[in-house]
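See structure below.
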Amino acid sequence: MSDFQRQATQWVNPLSVWGTAEGVDVVQTVTSPNPRDTWDANEAYKAKIHKVGRFRWHLVWPNHGENLWKRWRWWPTRRNVLGIHGLYNRKTLKAEKKIDDRRPIYWLICLLIIAIAPVLFPTGMENTLLSAGAIFCIFAAINVCWTLVVGTASIFSLATYAVVGVSAFMTTWLSMRYGLPWYSLPVFGSAIGLLMGWLIAFPALRLDGFYYALLTLGLNELCRVFFTTSKAFGSASGGLYGADTYIPSDLSPFAQSIFGYYGAFALLLAALFLFRFVNGKRLGRILRMAPEKREAFAQACGVDYRSARVKIFLITSAALGFIGGFYVAQYRGVAFSIFSFDTVLLGLAMLTIGGIGKAEGAILGTLVVTFLDKVLIGIGPLRYFLIGLLMLGVVLFLNKGYFGIKKQFNAWRDKKRGEWRSIRSEKGGEALPEEATELDNKDELFFRRFDKMQRDHLKKMICPEIIEEHRLRPLGQHSEALERVLYYFRRAPMEDKYALHHIAATDRYKIIAFSGERGVSPRVVEDKEYEHVDDAYHAIFMRRIHDLMES
Amino acid sequence: MDITFVLLNAVVIASIYGLIAVAVSITWSSLGLINLGYGFVFSFAGYGAWLMSTYVTKMPAPVMAAGILAGAICGVIICLVVFIPLHDKSNFTTRGMVGTLAISLLGSQALLMNFGPRAKALPEFFGTGSVNLGGIVLTADRIGIVVCATVMLCFVVFWMKGSRRGLEIRAMMMNPHAASIVGIGIRKTGIYVMAITGGMAGLAAVLLSQTYYVAPFSGLTPLIKGVSIALCGGLGSVQGAIIAAVILGFTEAATSSLLGGQYVLITQFLVIICILIFRPRGISGLLDKAREQ
């Protein structure tokens, strides 16, 4: 039972100086364990515990009740720039301010960094970084629009780059053929994009998610083959170049790069505004009501999710066409590589790395992939390897890309917390946490805890020596260990308490158990009859010990 | 320009792309995985066959076996890396698809690094003879391609109908949850499925390299054609894929002989879109709600 080493000892009755009824002053017995050990063992946590609490460095803004409603607002509405609420610290009772959503601050910081990035570029790499930066901004704009289609509208379209490419080729061709000025190219581009979107939205109405994905993958290939093989679009030269551009040609090459960089940055800002005003307003909210596989419920609530999806698809297609026209106005034309499978693959890698469905995910993914693809051009094909590994790693380990890490981590931590809690909580008399909250009499909980501890201690005391002692003298003065055990037994509630029944006819004894209810007769526990009352006492004692050890 | 020539071409094209389409179809319906890594499986198997023919023997049977084996190994690799870790995670369909794409990116780059960008040619297996059947000249390689593809397809269909593993795969196609409840291991079945479909893609690679070459990125066109055929026939249906392969093969052959090669994809996609608008689940797509996880 326990590793407690018993030693033979003598128990001296402390009352023996006044004389005892039976003249027993000294009892041969064994040492009993220290109750303090049981107490400590019950108080200790079995699982490893850690220090908890708020981070010391967690930034808390002080507040005053008067200041709480002094906020920045978007003029002329009453909408807040930052969602703030005031609260009182439960420990210090100080007024504090909490920002509910810190993302606007992060967005501002990141966009500022992109805006001043040309100043920060290391000398010698400015040209590479500026051209990579312009490409990053344009691709980020495309991916933000793609996020609207894939995330908000849940149409898994892979034809995004096809729309951009078709619009770019058509506007280049128009510009070369009819001499259109650069400022008209994005406008024509959006018209072409809208037309293209209208054409490919038809199958989207009928097809399910992945059927549509595969179909659009094919459409992309179709565009590639069509434009590569047709003579009008410069099949021999690897692309079509010669459109009008907005970058003045009398500037120095470096100034031209700067000009292009900021033009592309403006495009990115425009794409982000589009995302904000589609995803965050009515259309986006309608579609948040109808996520994939729960469309039927949304429809039953009166949400017309189909038309909302098609509207978003058309808006996005026009925007993508605009980007195509802008691309042409920036680079004077476009190469066939925009239709290639690798472009789709890299685009998908960009979306996946950041997390599908979030604008910040699209931008971060684009940043990472563009950096690997355009800046680390010196390491050769190894960079595609890196992109592939990154993509595979993100898909295998993250549910929702980089920006889903926090949620995933919290879910994992909650799971682990539950596991640890279940290790700590014990059964056996003590209340379960769920039960404890529902008990009104909290004394009951403390009694159960004490009772469990006492039983643990008594279990350690039981040994053959005290059983033998009881068998020899069931009544009268006993050693400390036996006496404590007997006190516990005697204090048991009346329900199912063992007792002896004296059969007068035969002068024998039987063990019975009380019902605990007035008027309900006791039950007979066993048929065995005992001749001597001391044997019967000992039999009851053995039963009680048995029950104690079982509990 | 006679109709028999067009039909003949249609059958040859259909038999090769049909193999990949059936592979895509089986993988989707039994595992729920949209495997866009077949392009890589295709090139990998092509290089496997090429290594066999360069370093060991040029005999047709071992080279073809090497191609099939390499394809099966590559399929199992995809299964181990993407399917087994992901199949019980949230968002499996999207993540599985992106995962197979990532494998195909990694694999193609690895092939490019190892073997260089130059295309390799496989020996001609079926000789250069020809048979004249009532005015129609059948060259040996065409007969060989059609016969091999048909034999492989029949083998797969009979194996799926007759063997215990095939029964497991068909049970997974019907209802993956019920299959796992009655004791069919999803992971084990996944490995069988990917091995057999990888073998089919491998054979397609060997057969197609009779006409084209083996190159790191040569798997893309067959993949897209296979996927379109599987889509048109209905993901999850073998007979649908075969019907669609015949229809699209015929479209391709007719377009290239009547209009010209660059219009092939356009007419094919028009046909596919027409079919899908009338039957959104493909020609014989039976899985309406069954594969909803």
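Of everything in region A:198-220, what is closer than 16 Å to A:Thr316 by Cβ and hydroxyl-bearing (Ser, Thr, Tyr)? Give them in sequence order. Within region A:198-220, A:Tyr212, A:Thr216 qualify. From the list B:Gly260, B:Gly219, B:Gly226, the lone residue that is within 14 Å of chain A (Cβ to nearest Cβ) and either within 11 Å of B:Ala21 (Cβ to Cβ) or touching a Lys or Arg at 6+ places or on another chain (Cβ under 7 Å) (or both) is B:Gly226. The set of residues in region A:508-528 being surrounded by 15 or more Cβ atoms within 10 Å (Cβ to Cβ) and outside any loop (DSSP other than H, G, I, E, B) consists of A:Arg508, A:Tyr509, A:Lys510, A:Ile511, A:Ile512, A:Ala513, A:Val525. Of the helices (runs of 4 or more DSSP H) lying entirely inside region B:82-197, not one carries at least 1 residues that are within 14 Å of chain A (Cβ to nearest Cβ) and modelled with pLDDT under 80. Can you say whether A:Thr370 is surrounded by fewer than 22 Cβ atoms within 10 Å (Cβ to Cβ), not assigned by TED's automatic domain parsing to the domain that holds A:Cys137 and not charged (D, E, K, R), as far as the supplied structure shows? The answer is yes for A:Thr370.
Only one entry in B:Ala253, B:Ala230, B:Ala201 is of a type outside the set (D, E, K, R) and surrounded by fewer than 23 Cβ atoms within 10 Å (Cβ to Cβ), namely B:Ala253.
Quick one: is A:Pro76 under 30 Å from A:Gln477 (Cβ atoms), under 60 Å from the mean Cα position of the chain (by Cα) and at pLDDT 80 or above? Here the answer is no, as A:Pro76 does not meet what is asked. For region A:357-389, the set of residues classified as over 14 Å from B:Met113 (Cβ atoms) and of a type in the set (Ser, Thr, Tyr) consists of A:Thr366, A:Thr370, listed by residue number. Out of all the residues in region B:198-222, which are assigned to a helix (DSSP H, G or I), closer than 16 Å to B:Val63 by Cα and among the aliphatic types (A, V, I, L, M)? Residues satisfying the conditions are B:Met200, B:Ala201, B:Leu203, B:Ala204, B:Ala205, B:Val206, B:Leu207, B:Leu208.
Residue-wise test of (1) within 21 Å of the chain's Cα centre (by Cα); (2) within 28 Å of B:Thr4 (Cα to Cα); (3) among the acidic types (Asp, Glu).
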site	(1), (2), (3)
B:Asp141	yes, yes, yes
B:Val151	yes, yes, no
B:Pro176	no, no, no
B:Lys225	yes, yes, no
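Only residues that are under 25 Å from A:Ser515 (Cα atoms) and not charged (D, E, K, R) were counted in region A:476-497, giving 8. Taking region B:263-278 as the range and being within 9 Å of chain A (Cβ to nearest Cβ) and closer than 18 Å to B:Ala21 by Cβ as the test, the residues that pass are B:Val264, B:Leu265, B:Gln268, B:Phe269, B:Ile272, B:Ile273, B:Leu276. Being buried (at least 18 other Cβ atoms within 10 Å of the Cβ) and within 14 Å of another protein chain (Cβ to nearest Cβ) is a description that does not apply to A:Leu205.
Being without any contact (Cβ under 8 Å) to a residue 24 or more places away in the chain, crowded, with 19+ Cβ neighbours inside 10 Å and in contact with a Gly (Cβ under 6 Å, 6 or more places away or on another chain) is a property that does not hold for B:Ala70.
Residue-wise test of (1) closer than 22 Å to A:Val27 by Cβ; (2) assigned to a strand (DSSP E or B); (3) in contact with a Phe, Trp or Tyr (Cβ under 9 Å, 6 or more places away or on another chain).
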| residue | (1), (2), (3) |
| --- | --- |
| A:Leu475 | yes, no, yes |
| A:Arg484 | yes, no, no |
| A:Thr506 | no, no, no |
| A:Asp534 | yes, no, no |
| A:Arg543 | no, no, yes |
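Conditions tested, residue by residue: (1) in contact with a Pro (Cβ under 8 Å, 6 or more places away or on another chain); (2) of a type in the set (Gly, Ala, Ser); (3) farther than 20 Å from B:Ile273 by Cα.
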site	(1), (2), (3)
A:Pro181	no, no, yes
A:Pro186	no, no, yes
A:Ser190	no, yes, yes
A:Gly193	no, yes, no
A:Met196	no, no, no
A:Phe202	no, no, no
A:Tyr211	yes, no, no
A:Leu214	no, no, no
A:Val225	no, no, no
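Considering the conditions (1) modelled with pLDDT of 90 or more; (2) surrounded by 15 or more Cβ atoms within 10 Å (Cβ to Cβ); (3) within 55 Å of the chain's Cα centre (by Cα), A:Tyr487 is excluded by exactly one of them, (2).
Restricting B:Val264, B:Val271, B:Val246 to residues that are more than 19 Å from B:Gly37 (Cβ to Cβ), among the aliphatic types (A, V, I, L, M), assigned to a helix (DSSP H, G or I) and in contact with an Asp or Glu (Cβ under 6 Å, 6 or more places away or on another chain) narrows the list to B:Val264.
When B:Gly71 is tested against (1) within 14 Å of chain A (Cβ to nearest Cβ); (2) of a type in the set (Gly, Ala, Ser); (3) within 20 Å of the chain's Cα centre (by Cα), only condition (1) is not met.
With respect to the numbered conditions (1) farther than 25 Å from B:Ser108 by Cβ; (2) free of Cβ contacts under 8 Å to residues at least 40 places away in the same chain, which one is the sole condition not fulfilled by A:Gly388? Among (1) farther than 25 Å from B:Ser108 by Cβ; (2) free of Cβ contacts under 8 Å to residues at least 40 places away in the same chain, the lone unmet condition for A:Gly388 is (1). Here are some conditions: (1) part of a helix (DSSP H, G or I); (2) more than 15 Å from A:Phe322 (Cβ to Cβ); (3) touching a residue at least 60 places away in the same chain (Cβ under 8 Å). A:Tyr161 meets all but one. Which one does it not meet? It fails just one condition, (2). Contact annotation: no residue pair with Cβ atoms under 6 Å, 6 or more positions apart or on different chains, pairs a residue in region B:150-164 that is on the phi > 0 side of the Ramachandran plot with a partner that is of a type outside the set (D, E, K, R). Only one of the numbered conditions (1) at pLDDT below 90; (2) in a helix (DSSP H, G or I) is not met by A:Lys400, and that is (2). Might you let me know whether region A:218-230 holds any residue that is within 14 Å of chain B (Cβ to nearest Cβ), of a type in the set (Ser, Thr, Tyr), in a helix (DSSP H, G or I) and under 25 Å from B:Ser228 (Cα atoms)? Yes, there is a match, as at least one residue in region A:218-230 is within 14 Å of chain B (Cβ to nearest Cβ), of a type in the set (Ser, Thr, Tyr), in a helix (DSSP H, G or I) and under 25 Å from B:Ser228 (Cα atoms).
The rows are residues; the columns are (1) over 25 Å from A:Gly218 (Cα atoms); (2) in contact with a Gly (Cβ under 6 Å, 6 or more places away or on another chain).
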{"position": "B:His177", "(1), (2)": "yes, no"}
{"position": "B:Arg187", "(1), (2)": "yes, no"}
{"position": "B:Met194", "(1), (2)": "no, yes"}
{"position": "B:Gly199", "(1), (2)": "no, yes"}
{"position": "B:Ala204", "(1), (2)": "no, no"}
{"position": "B:Gln210", "(1), (2)": "no, no"}
{"position": "B:Pro222", "(1), (2)": "no, no"}
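Going residue by residue through region A:181-199, is there one that turns out to be within 14 Å of another protein chain (Cβ to nearest Cβ), aliphatic (A, V, I, L, M) and surrounded by fewer than 21 Cβ atoms within 10 Å (Cβ to Cβ)? Within region A:181-199, one or more residues are within 14 Å of another protein chain (Cβ to nearest Cβ), aliphatic (A, V, I, L, M) and surrounded by fewer than 21 Cβ atoms within 10 Å (Cβ to Cβ). For region A:115-129, a tally of residues being surrounded by fewer than 20 Cβ atoms within 10 Å (Cβ to Cβ) and under 27 Å from A:Pro186 (Cβ atoms) returns 6.
The values are calculated or read from the model by the stated rules, or taken from the named source; none is laboratory data. Because the structure is predicted, anything quoted here is derived from the model rather than measured. Cβ atoms come from the backbone with ideal geometry, glycine included; neighbour counts cover every protein chain shown.
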